[in-house]
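Please treat every number below as a calculation from the coordinates, not as lab data. All of these numbers come straight from a predicted model, not from anything done at the bench. Cβ atoms come from the backbone with ideal geometry, glycine included; neighbour counts cover every protein chain shown.
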Amino acid sequence: MTTVNLWIDGKNVTARQGMTVMEAAEEAGIRIPHLCYHPLLEKTGACRLCVVEIEGARALQSSCTVPVAEGMRVHTMTQRVINARKTVLELLLANHPTECLTCEKAGDCALQDYAYEYNVRSDVYPGKKKEYPLEDNNPFFTRDHNKCIVCGRCIRMCADIQGQYAIDYAYRGFSTRVLTAYDESLVDSPCVFCGNCISVCPVGALTPKWERGKGRKWQYEKVRSVCPYCGVGCQIYLHVKDSKVIGVSAADGPANRGLLCVKGRFGQDFLEHPDRLTKPLIRVDGRFVEAEWEEALSLVAEKLSAIRDKYGPDALGFLSSAKVTNEENYLMQKLARAVFGTNNVDHCARLCHASSVAGLAASFGSGAMTNSIEEIENADVIFVIGSNTKEAHPVIGTYITRAISKGARLIVADPRKTDLAACADVHLQHLPGSDVALLNAMMHVILRDRLHNEDFIRNRTEGFTELKEMLEEYSPEVAEGITGVPADKMEIAARIFATAKKGTILYSMGITQHTTGTDNVMSIANLAMLTGHIGRESTGVNPLRGQNNVQGACDMGALPNVFPGYQRVDDPTARGKFEKAWGRALPDKVGLTVVEMMNAARAGQIRGMFIMGENPMVSDPDISHVKESLEQLEFLVVLDIFPTETAQLAHVVLPAAAYAEKEGTFTNTERRVQRIYRAVPPPGQARPDWLVLCQIAKAAGYEMDYDSPADILAEVATLTPSYGGISYERLDGEGLQWPCPDPGHPGTRYLHKDKFTRGLGRFYPVAFKEPAEWPDKDYPLILSTGRVLYHYHTGSMSRRARALDELVPGGYVEIHPKTAEALGIADGQMVRVETRRGWVDTKARVTDTVSQRVIFMPFHFAEAAANVLTNPALDPVAKIPELKVCAARVTLAGKGDAQ
Amino acid sequence: MSQPQTINLDAVREILSRHKDTKGALITVLQEIQEAYGYLPRPALSEVSAAMGVPLSKIFGVVTFYAQFHLKPRGKHVIRVCLGTACHVRGGERMLEKVGEILGIGPGETTDDQKFTLERVACLGACGLAPALMIGDQTYGRLTGKRVEELIKQYREN
Ligand code: SF4
Ligand code: SF4
Ligand code: SF4
Ligand code: FES
Ligand code: FES
């Protein structure tokens, strides 16, 4: 890197070639005022506030666009510069409303600060004021065109960083405004309400509604945290005033770099929702009665112990949670194993990525995302399969969009025409459940055309010959018959991926939630190894984890077959280590998974359950069956922040603290352990889950004493090699990516660098198998399920966030226009969706997002619960249910239809 | 909200087929569309956006930036009332009000029968005749309320 020496205000400054004068000054600690410049955005040099004098140049130069040059002499504060800046500010203030008294942004407004600093009054030029009405036609934020200084930052954020192009300059001169096309509501524009425009606006033109009037910058404290809504793990600041969270802003976390999505920015008001549980509840004669903690805790300990003593430890089942912290997951599995003596502990990763854990562990030896989020931006080919990234992992979606604008090519395999598919160079719209055939055909083409990476295969893998043989029968023509994708499209996709320099694969539940989930995952691993796109920067096999701590919950051993760090319960050495540490004999039999526990409950084999932070009554397949199972239990205790559909069935309900009310760590999808901090106290008598777990253990006669979650993580580190070097002292700021085996280790950005975790990567040839249920005469359509941008999981949080609920209040089913026509269904009508397990009535959304044979339902809505319909058939290895495919039919619902 | 418009887009497609791969051809495309349709119909702009890969928000920005483009159909006769300095002092504003009153529309609007569009302009270069207005490409000066009435009557009839 070439360095450049220059003088700024007489100070000798060394800068890098290509830097601007403003950047060089900033690094040297010299602040230059600016309005249109923002470090995340393209520079436009529009506002001229940042002017400086450069010796040898006649006119003043805008320092945000002028590059540094050797020997340059810059003066940032001459009288001439000051006068020019004053004029810029005077002109802006001439038509800026002076409403600082009531403006949300007062105290945090660049214009206000500069006016103060340069002593500029608003009445120097008697300018016309703008008199536009406040733009207030969406649930999330308002735009005040009168306060807007048309700096264009929001436009550049929306276009270049977020990739939505919802807004732009319109009209001219004094009338110039930032508008959507046709000045329509943002709701009708491509806007996704990420609110990232708000965070770059230098003035008070953009205001989140839920924060309005609650407090201004000098009144609140900012507490760092991690968004609880998905596995991306964006860092946020919670704005705290009078022990309440009154606002949110984006922090510069490694996964999000100052960006957020709609849920992160506008969805945190669930914390204050009146439904929050505040006291323990005990069911007496069918009704919940408030109780004291002591009473509730001893009842729980007593009942669970009694069931264990009477029927044996395996009559108990424990559901941990991908929403709570690592420390809490660790304690939950410790409670199940050490205190109550059973390996029946699992959580809803079973329902999303159990097949990733199983498949990738088999192929590579480690079941996590191989590479890091920010590496995506530098890949030259991105292959996304079975992931609606822009909605389910919105901030990761922006990395893909930015990679595309840098020239990367995108291949999307998805049965639906998602927004992401619309940006793709090739969209393979295959039938749900035909992934293996699709992937095999791509590999067939790669081998046939000799585009495979021979060196990589020879040096780093085993099992290639078997794969090669198996692939012979998967010509694209054969696969076309199975997948419904034209053969030539698969050919093109295969060649693009194989010839990439840095090809990366991202996938999610479209791959994993199948009876062939493990097969699908191993197929993806095969493709990555065949082309050598793994073990390097910006390549790899990257399962995008759904919930905020699903990676951590797995790492902590909230799984029936492994202790923390994936150490097997049936391995005597591992067991010995944990027995010693925990001071109890531990069970050696692998426990039951989520769906198996429900079956066992129905069969009367499981009699008591402890469910923490999960809502199987909405999330699990075949809900009617789940309900019957839970109702059979002699004792059910639920620890949660809301009275969920599952809590309604409990005997004891315990109120938990939410993420903002406790300390702990979450591990995001890229294996990054990040800290959360206590920002506000829990409501009423709610307690952090970790404390409750300790107290139950104690009441059951097992000493579980920790001063704080930091202590718990310290214990985890001694027992879990990949977390060995992780401690609270090291986690402030960026966090650490495991494996991080010792305190001096910097963490691991990408896995399998020179060697796979298991040594050689293993090709497992997998043949295509049909899903458990395929359309037939009675149920001619394929029902698939998934998420929407505005909601999260079972909706217990997002549906209690006011603005999210206002925009998307209920469920629907997507039906292709041709299919709808054939069935006589119009957009917006109420229809009945039926499968072999049950039916739900919901609104039809007629759209060509789905293909003719496929219908799609989001699963967040309890009153139109997609999971009444889904098939609990399991993948034989990972025991993940087939949530993505089942056979269904649609009819018009009743007579009183529509709206 | 988009009003349902049934518009034959063949001309748009033809125009696009000639220009869509040329960089910087947006303005030309818009001009040709306006020539073909008399204004820029919304479905045409959506088509342009999809074919040329230019976001609709950007197209809207360009269209509203240049005075030559029109998003709404325009009347058979475009009346431009001058509000330049000379006309302003001599009652231009009153003339504008008068025209608006007679036609029942404001500046920038078109009558329901598509006969008249009313616009305001800065200076017609006929300051000696202030207050002035133009109908089509004909300039009329030294206006009075009565004269305005007569003129509109006259144009309405043909
Ligand atoms: S909220 Fe996001 S998508 Fe919407 S205008 Fe702002 S930056 Fe664009
Ligand atoms: S809304 Fe804010 S960021 Fe956008 S142009 Fe106006 S002042 Fe700049
Ligand atoms: S992308 Fe995920 S983690 Fe980030 S703000 Fe959105 S929901 Fe939260
Ligand atoms: S900050 Fe440099 S021109 Fe606006
Ligand atoms: S001011 Fe009206 S014609 Fe010049």
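Lys/Arg Cβ at +1, Asp/Glu Cβ at -1, dipole of the protein assembly as shown taken about the Cα centre: which of A:Ala338, A:Asn520, A:Tyr229 is farthest positive-ward?
Most positive-ward Cα: A:Tyr229.
If the cut-off is a Cα-Cα distance under 18 Å, which aspartates and glutamates reach A:Lys843, setting aside same-chain residues fewer than 8 apart in sequence?
Leaving aside aspartates and glutamates fewer than 8 places away in the same chain, those within reach of A:Lys843 are A:Asp805, A:Glu806, A:Glu814, A:Glu821, A:Asp827, A:Glu834, A:Glu863, A:Asp897.
Give me A:Lys263, A:Lys577 sorted ascending by neighbouring Cβ count inside 10 Å, so fewest comes first. Write down the numbers at each step before the final one.
Numbers: A:Lys263 24, A:Lys577 15.
Going from least to most buried by this count: A:Lys577, A:Lys263.
In units of 2.2 N^0.38 Å, what is the alpha-carbon radius of gyration of the range A:553-672?
1.20
Show me the ranking of peptides B:97-103, A:721-727 by mean Cβ neighbours inside 10 Å, starting with the highest. Walk me through the numbers on the way to the answer.
Values: B:97-103: 17.6, A:721-727: 21.3.
Listed from highest to lowest mean packing, they are A:721-727, B:97-103.
Might you report the magnitude of the Cβ-based charge dipole of chain A about its Cα centre, with Lys and Arg at +1 and Asp and Glu at -1, to the nearest 20 debye?
Charge dipole of chain A: 1520 debye, to the nearest 20.
Based on the mean of other Cβ atoms within 10 Å per residue, sort peptides B:113-121, A:616-624, A:450-458, B:16-24 so the most packed one is first. Can you show the working numbers first?
Working: B:113-121: 17.7, A:616-624: 23.6, A:450-458: 14.0, B:16-24: 12.1.
The packing order, highest mean first, is A:616-624, B:113-121, A:450-458, B:16-24.
Which of the chymotrypsin sites (Phe, Trp or Tyr not before Pro) found in the range A:131-226 are in a DSSP loop and have at most 16 neighbouring Cβ atoms, other than their own, within 10 Å?
Working: sites: A:Phe140, A:Phe141, A:Tyr165, A:Tyr169, A:Tyr171, A:Phe174, A:Tyr182, A:Phe193, A:Trp210, A:Trp218, A:Tyr220; in loops: A:Phe140, A:Tyr165, A:Tyr171, A:Phe193, A:Tyr220.
Loop-located and lightly packed - A:Tyr171.
Over all distinct alpha-carbon pairs, what is the Kirkwood Rh of the range A:702-783 in angstrom?
After inverting the mean inverse Cα-Cα distance, the result is 17.2 Å.
Specify the inter-centroid distance of the range A:810-828 and the range A:190-229, based on alpha-carbon positions, in whole Å.
So the separation of the two Cα centres works out to 38 Å.
Using the alpha-carbon atoms, what tilt in degrees (0 to 90, nearest 10) does helix A:572-582 show relative to the longest principal axis of chain A?
Relative to chain A, helix A:572-582 is tipped by roughly 70 degrees.
Counting partner chain Cβ atoms within 10 Å of every residue's Cβ in B:63-69, what's the average?
Mean shielding by partner chains, rounded to a whole number: 3.
For a 30 Å ceiling on Cα separation, which of these pairs sit above it: B:Lys20/B:Lys72; A:Lys222/A:Lys406; A:Lys323/A:Lys769?
Pairs exceeding 30 Å: A:Lys222/A:Lys406; A:Lys323/A:Lys769.
For the range A:348-391, rounded, prolate or oblate, judged on the Cα gyration tensor with a ≥ b ≥ c (square roots of eigenvalues), a/c < 1.5 rounded, else prolate if a/b > b/c?
oblate
Normalized C-alpha radius of gyration of the range A:159-248, against 2.2 N^0.38 Å?
Values: Rg = 15.9 Å, N = 90, 2.2 N^0.38 = 12.2 Å.
Normalised Rg, Cα atoms only: 1.30.
How would you classify the range B:10-65 from its alpha-carbon gyration tensor, with a ≥ b ≥ c the square roots of the eigenvalues: rounded for a/c under 1.5, else prolate if a/b is greater than b/c, otherwise oblate?
Judged from the Cα gyration tensor, the range B:10-65 comes out rounded (a/c under 1.5).
Provide the net charge surrounding A:Val248, with neighbours chosen by a C-beta distance below 12 Å and charges set as Lys +1, Arg +1, Asp -1, Glu -1.
Taking every other residue near A:Val248 into account, the sum is +3.
Can you give the average number of partner chain beta-carbon atoms within 10 Å of each beta-carbon in peptide B:51-59, as a whole number?
Across B:51-59, the average partner-chain Cβ count within 10 Å equals 5.
Could you put A:Phe563, B:Phe65 in order, starting from the residue whose Cβ has the fewest other Cβ atoms within 10 Å?
Fewest-to-most ranking of A:Phe563, B:Phe65: B:Phe65, A:Phe563.
Tell me the net charge near B:Leu16. Cut-off is 12 Å between Cβ atoms, B:Leu16 excluded, with +1 for each Lys or Arg and -1 for each Asp or Glu.
-2
Just want the ordering: A:Arg575, A:Arg283, B:Arg142, from fewest to most Cβ atoms lying within 10 Å of their own Cβ.
B:Arg142, A:Arg283, A:Arg575
Take the Cα gyration tensor of chain B, multiply each eigenvalue by 5, square-root it, and list the three semi-axes largest first, rounded to whole angstrom.
With the √(5λ) rule applied to chain B, the semi-axes are 35, 17, 13 Å.
Would you mind checking the tilt of helix A:354-363 against the longest principal axis of the Cα atoms of chain A, expressed as 0 to 90 degrees and rounded to 10?
That works out to roughly 90 degrees.
Could you work out the local net charge near B:Arg80, counting Lys and Arg as +1, Asp and Glu as -1, over the other residues with Cβ closer than 12 Å to its Cβ?
Surrounding charge for B:Arg80 is 0.
Determine the relative contact order of chain A: mean sequence separation of Cα pairs under 8 Å and six or more apart, normalised by residue count, in whole percent.
After rounding, I find 13 percent.
By the gyration tensor of its Cα atoms, with a ≥ b ≥ c the square roots of the eigenvalues, what is the shape of the range A:662-716: rounded for a/c under 1.5, prolate for a/b over b/c, or oblate?
Numbers: a/c = 2.43, a/b = 1.32, b/c = 1.84.
Here the range A:662-716 falls in the oblate category.
Relative contact order of the range A:781-892: what whole-number percent is it, with Cα pairs under 8 angstrom and at least 6 residues apart?
Worked out over the range A:781-892, it gives 37 percent.
Between A:Arg121 and A:Leu892, what is the label-to-label distance in nm when each label sits 7 Å out along the Cα-to-Cβ direction?
Taking the simple label geometry, A:Arg121 and A:Leu892 are separated by 7.2 nm.
Report the charge-dipole magnitude of the range A:513-605 in Debye, nearest 20, computed about the Cα centre from +1 at each Lys and Arg Cβ and -1 at each Asp and Glu Cβ.
In total the dipole reaches around 220 debye.
In whole angstrom, and with the biggest value first, how far do the Cα coordinates of the range A:781-892 range along each principal axis?
Principal extents (largest minus smallest coordinate, Cα): 41, 38, 22 Å.
How big is the range A:1-109 by the Kirkwood estimate over distinct Cα pairs, in Å?
That comes to 14.9 Å for the range A:1-109.
Between the DSSP loop rule and a limit of at most 13 other Cβ atoms within 10 Å, which trypsin sites (Lys or Arg not before Pro) in the range A:380-437 are left?
Within the range A:380-437, the qualifying trypsin sites (Lys or Arg not before Pro) (loop, at most 13 other Cβ atoms within 10 Å) are A:Lys406.
Between the alpha-carbon centers of the range B:37-72 and the range A:713-756, tell me the distance in whole angstrom.
54 Å
Dipole size in debye (nearest 20) for the range A:28-176 around its Cα centre, Lys and Arg Cβ +1, Asp and Glu Cβ -1? All intermediate terms of the calculation are to be shown ahead of the outcome.
Values: 18 positive and 17 negative charges, 91 e Å.
Once rounded to the nearest 20, the dipole reads 440 debye.
Taking the 0 to 90 degree range and rounding to the nearest ten, how far is the long axis of helix A:293-311 tilted relative to the main principal axis of chain A, both from C-alpha atoms?
Between helix and principal axis, roughly 40 degrees.
To make sure I understand the rule: partners must be aspartates and glutamates, Cα under 19 Å from the Cα of B:Lys153, and not fewer than 8 residues away in the same chain. Which ones qualify?
By straight Cα distance, B:Lys153 reaches B:Glu97, B:Glu101, B:Glu109, B:Asp112, B:Asp113, B:Glu119, B:Asp137.
Would you please name the chymotrypsin sites (Phe, Trp or Tyr not before Pro) within the range A:628-715 that are DSSP coil residues with at most 14 other C-beta atoms within 10 Å of their C-beta? Write out the running numbers ahead of the final one.
Values: sites: A:Phe635, A:Tyr659, A:Phe666, A:Tyr677, A:Trp690, A:Tyr702, A:Tyr706; in loops: A:Tyr677, A:Tyr702, A:Tyr706.
Counting only loop positions with at most 14 other Cβ atoms within 10 Å, none of the chymotrypsin sites (Phe, Trp or Tyr not before Pro) in the range A:628-715 qualifies.
On each of the three principal axes of the Cα atoms of chain A, give max minus min coordinate, whole Å, ordered largest first.
Principal axes ranked by extent give 88, 69, 67 Å for the Cα atoms.
For every helix of n ≥ 4 consecutive DSSP H residues, a contribution of -39,500 (n - 2.57) applies; sum these over chain A, divide by its total residues, and give [θ] at 222 nm rounded to the nearest 500 deg cm²/dmol.
-7500 deg cm²/dmol
Would you work out which of A:Pro817, A:Pro858, A:Val868 lies farthest towards the positive end of the dipole of the range A:815-899? Charges go on Cβ: Lys and Arg +1, Asp and Glu -1.
A:Val868
Between the range A:471-497 and the range A:1-15, how many Å separate their Cα centres?
Using only Cα atoms, the two centres lie 57 Å from each other.
Which one of A:Leu6, A:Val788, A:Ala362 is farthest out on the positive end of the charge dipole of the protein assembly as shown, using unit charges on Cβ (Lys, Arg +1; Asp, Glu -1) and the Cα centre as origin?
The one lying farthest along the dipole's positive direction is A:Leu6.
Which whole number gives the average, over all residues in A:182-190, of C-beta atoms from other chains lying within 10 Å of the residue C-beta? Before the final figure, lay out the partial values.
Details: counts 10, 2, 4, 1, 0, 0, 2, 3, 3.
The mean count of partner-chain Cβ atoms within 10 Å per residue comes to 3.
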